[in-house]
């Protein structure tokens with residue numbers, strides 16, 4: 001039991017270091033450095049690194065060690081294809097009769113208020129925070145730990161890529177009505193529509209990113 005707790009603490013600690021860009025995509029993750037940083041032995045560190053490898057956050061190369069995964073646009077497309085499937089399934093499951101609609105009703109009201117903010121910077125900041133809250137609600141209410149884990153990993157990889165390359169615009173205003181449609185479908189317990197709208201949102205996010213990248217590169 002104690003071993004499992006240490007492994008989980010190492011997992012969360014390494015993930016936090018990656019999210020905070022202490023270690024950036026492509027950087028090595030030396031076990032001795034992580035051991036000193038997190039104040040624990042190498043065994044839970046090693047177990048955590050393998051868990052993060054399963055989530056594609058870390059790459060372990062034989063005889064070379066562990067590295068933070070780096071992402072290119074081909075990988076980004078694969079990530080968003082996976083995101084589409086995962087978020088679609090989570091939205092579908094959130095429509096089960098016994099799952100409360102209360103958190104989704106509250107989020108709908110919050111999103112309506114955010115959309116009325118006139119100052120663009122304030123609205124964008126609020127939209128970003130809402131986006132994180134929105135995906136957390138899907139993870140916490142879908143009753144499927146595996147889907148929630150994959151969703152969390154996808155978010156981490158996209159965040160890492162965005163922070164290093166600054167090439168993923170988020171288009172918060174465009175995303176707002178799409179999220180509103182997902183919320184409306186979940187509140188109405190329309191599983192088919194909720195999945196359809198969640199999948200469409202992921203597709204549109206990727207399309208906007210690729211269009212923006214193409215324009216920046218003059219294609």
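The values are calculated or read from the model by the stated rules, or taken from the named source; none is laboratory data. Since the model is a prediction, treat every value here as computed from it, not as a measurement. Neighbour counts are summed over all protein chains in view; Cβ atoms, including those assigned to glycine, are modelled from backbone coordinates with ideal geometry.
Details
- Within segment 24-48, the set of residues being in a loop (DSSP other than H, G, I, E, B) and buried (at least 17 other Cβ atoms within 10 Å of the Cβ) comprises 25, 29, 40.
- So residue 19, is it surrounded by fewer than 15 Cβ atoms within 10 Å (Cβ to Cβ) and either in the same structural domain as residue 190 (by TED's automatic domain parsing) or out of contact with any strand residue (DSSP E or B) (no Cβ under 6 Å at 6 or more places or on another chain) (or both): no
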